[in-house]
Amino acid sequence: MARIVTRANIIRISIIAAMMVVLGRIEWVQAHDQFIRNLESEWQDQAVIQPLRGAILDRFGDKLAFSVPSYDLDINIANLHSLNPLSLQNLTSDLANVTGTSQNFLLSQFDRTDTPWLRIYPTFVHLSLAKEKAVLSVFNRYHLLQDVNPHETFQRVYPDGEFAAHVIGFVDQTGNGASGVELEYNTYLSGKPGSQTFLSDPLGNPIPFTQKMTKPVQNGDNVYLTIDPVIEHYAEQALQTVEQRFTPAHAAIIVADPMTGAILAMAVLPHFNPNSYWQFPAAALDTNWAISDPFEPGSTFKVMTLTGALATHAITLNQTYMSGVDYINGVPIRDWNLWGWGRISYLTAMIYSSNTGFIHIGQAEGVPTFYNYLHLFGLTQPTGIDLPGEGTSLIPPEQNLNAVDFATMTFGQGIAVTPIQQIAEVGAVANGGYLMKPYVVQKIVSPSGKIVYERKPEVVRQVASAAIMREITNVMVQDVANNPYETNAYIPGYNVAGKTGTAQIANPKGGGYMAHKYNLSFIGFVPAHHPQLEIYVTVNEPHNTIQYGNSVSSPEAKIVLQKSLAYLDIAPQQTTAAQNPLSVIKSIPYSRVPDVINMPIAEAVTIMKKAGFHTSVTGNSGPIMWQSPTAGSIVSQATTIALSANTKTLSTTTVVPDFKGLPMLEAIQEGSRLGLIITPAGNGFATTQSIKAGTKVALGTTVQVTFQSPVLP
């Protein structure tokens, strides 16, 4: 019996021991597995996959901005401090040659002690593969390759440089949009990063075939603009001429489709190149003068005043008043020519741009109606254009308005609006009465080709009836066609509706206006009765010219519109000779200016002579690089064509032409082209001038010219 008990105990002990072994093995396996997991977690790493930023394209699908692979380099400058001075000099010299950077700049960066690692911007940022290899080769030559850490990224490329830069914008060093469409549509363009996990070796390098995608990358969407590249090119060319001739403080040209609100061109001075934006001042990068800063518009604003008065039947165009001077609370307010034109109609007041006429129109309209139409035309708030940094108007509160302030507001002084607000305002006249919201993006397309956003023209509100807007249009057509002071926007064969503006610039320190500083502008649309193009040209503080919008802004508006009409194949209408104010001058023949760019000086002068023109040449050798008036312009054969060789910039001097026989407007225009300020006396045709023809004078010289009207048979 005792033996049986003993055997049973042995069996029990064996079973318990076996179970202990199994449990111990299980515990060991579990512990070992956790150890493996711990090791794996230490070896496991995660990589963020940066998305490819979407492209920005023009209305036809040509790329204006896109991204390409590039490299950023982090430099361990702490280790460079141990180099002997000669090696450091040689290293920075070689790097300067490869990167096109100043050696002194590199030396100053490598000498820094505030950080061990440094990413030198922009020298070692967004390098192409070829340049990255060249830089690494230099460091390898000095056995410093271990002190350079490359990071793969993307570089933003703007293939056309300054072209439409204020619309497109730029991407900053962090890869985010900093201005323009790049900023406004950054969410669409930037995409969403992806990620993947992988096992790495002790040095942090990925172990092959262990990558596992945890989040797919979503590349950015492509943004299509409303910008027409051809019309934008014409606007950029015109603005370049303005910059060369008048060196303004700033300027802008906007071309829009008044039927939809789509912006076809937007050129701005000062300009910048988004490929190297860091080289430009903040004022050029941050300020889009086409939309940002309001200013007193002057006579272009009279369109708004007249619309409200006609729409409410406060006046009729054939009513008359005495021009010249009005006294408002004892304060004299005069017409721009000081003496006026006697008793004239309100129609003539618009054509001659009479300030006193618009005081009468505004008084008939009344303050409440005036302010109501400010609202209806969208002038009391931003337009909502899809660009960052839009400004808004500065309008005195209605309840605080005095009679003098209201009088000046009626003709566009004492009130400030932005160019884009005026584009929307006059666009409502052009399209028959509807205020359209301006926009620069027509659609957004995903990388797969799906349209994720499509812009439709947006009507904000109806401003006035089509009948009233036709009446305003007809007045604006007569302003361009029949106004003896505003001929420079006239385009033969087309009805152009337009209005110039010559506005004093308010003193930023307060208290009145700055002396001899003006903002000159032109706004209009064509063809007037089925408009397809609207344009606004504004030039702030131009130099070397008589201060009239017709002399500075209208000629450039005409050039842009003429070229655009031909490009769009918009056929001319049948017009009578009476519609052309220049057709009455029969004593001086008109010719089209030949194109002599890139020709030798002698050949260019000969061609101009055959066309009936005299020339004034700057430079002694080389091809002609610049001419004014530009090729294709139709001007009188009394015009002297300015030519410049070797340079696109103008000389600081000019030659006084012979003004004798020229009508006043032609003489003023000719003087403006040559950089002279013409002080006219009398009316009709030039008879005498204060400086003899052929005299070389400084740009901006004033020439007094006397005019006399011929005795008609």
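How would you rank 564-572, 500-508, 605-613, highest first, on the average number of other Cβ atoms within 10 Å across their residues?
On the way: 564-572: 13.6, 500-508: 19.6, 605-613: 15.4.
Result, highest mean first: 500-508, 605-613, 564-572.
Per-residue 3J(HN,Hα) values for the range 364-376, derived from phi via the Karplus relation 6.51 cos²θ - 1.76 cosθ + 1.60 with θ = phi - 60°, read 5, 6, x, 4, x, 5, 4, 5, 4, 6, 4, 5, 4 Hz in sequence order (x marks Gly and Pro).
For the pair L107 and I49, the difference between a 0.36 nm per residue extended length and the Cα-Cα distance amounts to 17.5 nm. Specify whether the C-alpha gyration tensor of the range 49-225 places it in the rounded, prolate or oblate class, a ≥ b ≥ c being the square roots of the eigenvalues: rounded for a/c under 1.5, otherwise prolate if a/b is larger than b/c and oblate if not. Oblate, because a/c is 1.5 or more while a/b does not exceed b/c. The string of couplings for the range 222-237 from the Karplus curve (6.51, -1.76, 1.60, θ = phi - 60°) is 9, 10, 9, 8, 8, 5, 8, x, 6, 5, 4, 4, 4, 5, 5, 4 Hz, one whole number per residue in order, with x for Gly and Pro. Fully extending the segment from N400 to N372, taken as 0.36 nm per residue of separation minus the present Cα-Cα distance, adds 8.5 nm.
Which entries in K456/K517; K610/K692; K509/K558; K302/K609; K499/K610; K131/K450 show an alpha-carbon gap greater than 32 Å? Beyond 32 Å between Cα atoms: K456/K517; K509/K558; K302/K609; K499/K610; K131/K450.
Each peptide in 227-234, 534-541 receives the mean, over its residues, of other Cβ atoms within 10 Å, and ordering these scores from highest gives 534-541, 227-234.
What the Cβ-Cβ distance of K456 and I15 gives, at R0 = 56 Å and to the nearest 0.05, is a FRET efficiency of 0.10.
Evaluate E = 1/(1 + (r/R0)^6) for S93 and T187, where r is the Cβ-Cβ distance and R0 equals 51 Å; express this FRET efficiency to the nearest 0.05.
With R0 = 51 Å, the Cβ-Cβ based efficiency is 0.70.
Phi-derived couplings, Karplus 6.51 cos²θ - 1.76 cosθ + 1.60 at θ = phi - 60°, listed residue by residue for the range 387-393: 9, x, x, 5, x, 9, 6 Hz, with x used for Gly and Pro. Cross-link reach is defined here as a Cα-Cα straight distance under 28 Å, omitting same-chain residues fewer than 8 places apart; for K133 the lysines meeting it are K63. Between amide H atoms placed 1.01 Å from N, distances below 5 Å from R461 occur with L435, all of them 5 or more places distant or on a separate chain.
Rank-order 525-533, 321-329 by packing density, defined as the average count of other C-beta atoms within 10 Å over each peptide's residues, highest first.
Per-residue mean Cβ counts within 10 Å order the peptides as 525-533, 321-329.
No lab work stands behind these numbers, since they all come straight from the coordinates. Just so you know, these numbers come straight off a predicted model, no measurement behind them. Every residue, glycine as well, gets a Cβ built from its backbone with ideal geometry; the counts of neighbours run over all protein chains shown.
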